[in-house]
1. Within segment 29-68, count every residue that is assigned to a loop (DSSP other than H, G, I, E, B), at pLDDT 90 or above and open to solvent by 80 Å² or more (accessible area, probe 1.4 Å).
2. Of the residues in segment 11-28, how many are over 14 Å from K67 (Cα atoms) and buried (at least 18 other Cβ atoms within 10 Å of the Cβ)?
3. I need the full set of residues from segment 71-82 which are open to solvent by 90 Å² or more (accessible area, probe 1.4 Å) and touching a residue at least 12 places away in the same chain (Cβ under 8 Å), in order please.
4. Output yes when any residue across segment 77-84 is modelled with pLDDT of 80 or more, assigned to a helix (DSSP H, G or I) and in contact with a strand residue (DSSP E or B) (Cβ under 7 Å, 6 or more places away or on another chain), and no when none is.
Amino acid sequence: MPGSPSADWYYVGVDVGSGSVRAALVTRDGRVKATAEESITVWTPQPDYYEQSSEDIWRKCCNTVKKVTEGVEKDRVRGIGFDATCSLVVLDQNFQPVAVNKNGEQFISLFYCSFFFLLREKKTLSTFNGRAYFRLF
């Protein structure tokens, strides 16, 4: 920005956790100017299974970023960074969500992965629908 003092520049940080999305608007020198948080819907159809909707999470990311940048000129925001917990979003070849639950509900395209869950489900995940998608180890 020609003529724009760098002291007026902002950065947005977004943290996607297992239960909520948090965003912060931060100045160049690290001062937090605004924060926002929105809960993520989590389904637990059985013990040790945690399902989420990638569309729900993305909507919460957009909402929190809009909240923390409200009233800030767009050209003052110099960058945005994302951090997320260990989870898996499954998409088809057209980048559309693929259901990952037993009921086949299309909106549930993400499940939360813990290390022990991954160890137990290693074979199932690597051969989903009879095709090898990835190797965990």
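1. So the answer is 2.
2. 1
3. Correct list: R78, I80, F82.
4. Going through segment 77-84, the residues modelled with pLDDT of 80 or more turn out to be 77-84.
From what is left, the residues that are assigned to a helix (DSSP H, G or I) are none.
No - not one qualifying residue is present in segment 77-84.
The values are calculated or read from the model by the stated rules, or taken from the named source; none is laboratory data. Values in this document were obtained by computation on a predicted structure and should not be read as measured data. All Cβ positions, even for glycine, are placed from backbone atoms using ideal geometry, and neighbour counts span all protein chains on display. The area values use the complete protein model at the heavy-atom level, side chains included, leaving out ligands, DNA and RNA. Shrake-Rupley method; radii C 1.70, N 1.55, O 1.52, S 1.80 Å.
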